[in-house]
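The values are calculated or read from the model by the stated rules, or taken from the named source; none is laboratory data. This structure is a prediction, so every number in the text was calculated from the model and none was measured. Every residue, glycine among them, receives a Cβ derived from its backbone with ideal geometry; neighbour counts consider all protein chains shown. Areas reflect the complete protein model, heavy atoms only, side chains present, ligands, DNA and RNA absent. Shrake-Rupley method; radii C 1.70, N 1.55, O 1.52, S 1.80 Å.
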Amino acid sequence: MDISLHITDWALTQPFRISGHEWINSRCLVAQLQDQGFVGRGEAQGVFYLDETAESIFEQAHAVTDAIRKGVNRQQLQALLPAGGARNAIDCAMWDLECKKAGKTIWQLTGIDPKPVTTVFTIGLEDSPEAMADKAAAASNAPILKIKLSAHKPYEKLAAIRAARPDAVLVVDANQGWDFDLLKQVLPKCLDLNLAMIEQPLPRGRDDMLEGFTSPITLAADESCLHTGELETAASRYDMINIKLDKTGGLTEALNLARAAKPTNCQLMVGNMVGTSLSMAPAFVVAQLCDFVDIDGPLLLKYDQTLGLCYENGVVSDIHPGLWG
């Protein structure tokens, strides 16, 4: 088996802001595996809050290319690389290659039955409630909106968005930008806004006060649950787990985490780090096991992969076999 690695750069339609970070492009590591005339591909962005970049995960993946060429399989890969973007790109490429060599779809290999899913559309952070309401109103064809918030006027922004989009399902992502006092202030005020969920309100490693805390609105762990090794603690503090392939280090561990989370009674969500449809395709597999779906990365880009996922009013139906899986 041979492996090649390269970095791609995809421009966003506009700068994308969250609490503490801003992007103007999506830089991706692409791993390509070739064996017996078949080619498998996988794409990853890395986990930015763990200081991963396209360049750093390229170097990490490059360091194990000799082992990959000697025939490492997906199970051995889990021990060869830690969870993160480098393993994600290679793991997803391995799945794609397995499908092609076996002449089977990803659904046949995983035993998962595909169905259409409805993804959120993300409203990036803006300084004023009015600006965020305008963005929400412009996304009139999106039935579910994911609102990026910081500690600056969170309720005011949500109230403005709810007034602009009374029809939409609203979920919130604070990206670790709040503290416990702010969370307790915001929760009762937001009850009339009919929020479906609030994601990662508190910083990773500083959310132990959620142990035993009863929230009137569903709380989801993103940064606080990277992989199955962190599930037990996260499940004791949150009502939902957001699974991202860059965090888990690929589809193999993402499916492990989804299945391990089911007995905890936590709801599940699949998320993304803003990539192309090559990143979203394996996430679409995980989406089949989830209550909420966030695979809107390609909608934030100026261009996408050839044969990319098709988005119709937020609904994603299936993966084109010429793309992946």
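For E232 and N25, a Förster radius of 41 Å and the Cβ-Cβ distance give a FRET efficiency of 0.65, rounded to the nearest 0.05. When a 1.4 Å probe is rolled over the protein heavy atoms, the share of accessible surface on the chain that falls to carbon and sulfur comes to 49 percent.
Comparing V120, V72, V285 in a Gaussian network model of the chain (Cα springs below 10 Å), the most mobile by mean-square fluctuation is V72. Rounded to the nearest 20 debye, the dipole magnitude of the chain is 500 debye, with +1 charges on Lys and Arg beta carbons, -1 on Asp and Glu beta carbons, and the Cα centre as origin. Kindly identify region 72-144 as rounded, prolate or oblate by the Cα gyration tensor criterion: order the square roots of the eigenvalues as a ≥ b ≥ c, call it rounded if a/c is under 1.5, otherwise compare a/b with b/c, prolate if a/b is larger, else oblate. Cα axes put region 72-144 in the oblate bin.
Summing +1 for each Lys or Arg and -1 for each Asp or Glu among the other residues whose beta-carbon sits under 13 angstrom from that of Q185 gives 0.
Students often forget the sequence filter, so: which lysines lie under 28 Å Cα-Cα from K148 once same-chain residues fewer than 8 apart are removed? Candidates past the 8-residue exclusion: K115, K135, K157, K184, K189, K244, K247, K262, K302. The slack between L182 and Q75, meaning 0.36 nm per residue of separation minus the straight C-alpha distance, is 34.2 nm. For the pair Q108 and A11, a Förster radius of 35 Å applied to the C-beta separation gives a FRET efficiency near 0.45, rounded to the nearest 0.05. Counting Lys and Arg as +1 and Asp and Glu as -1 over every other residue whose Cβ lies under 9 Å from the Cβ of P203, the net charge comes to -1.
Once the dipole of the chain is set up with Lys and Arg at +1 and Asp and Glu at -1 on Cβ about the Cα centre, which of A220, V316, A234 lies farthest towards its positive end? Result: V316. Would you work out if region 249-325 is rounded, prolate or oblate? Take a ≥ b ≥ c from the square roots of the eigenvalues of the alpha-carbon gyration tensor; rounded if a/c is under 1.5, else prolate when a/b is larger than b/c, oblate otherwise. In terms of gyration-tensor shape, prolate.
Residues in the chain average 40 Å² of solvent-accessible surface per residue, probe 1.4 Å, ligands and nucleic acids excluded. Database remark: amide H of L268 closer than 5 angstrom to the amide H of I241, D291, F292 (H placed geometrically; neighbours at sequence offset of 5 or more, or on other chains; Pro and chain starts carry no H). Scanning residues 5 or more positions from R27 or on other chains, those with amide H under 5 Å from its amide H are W10, with H placed 1.01 Å from N in the peptide plane.
Indicate the gyration tensor shape class of region 15-144 (rounded, prolate or oblate), computed on the Cα atoms with a ≥ b ≥ c the square roots of the eigenvalues: a/c under 1.5 is rounded; otherwise a/b larger than b/c is prolate and the rest oblate. Judged from the Cα gyration tensor, region 15-144 comes out oblate (a/c at least 1.5, b/c at or above a/b).
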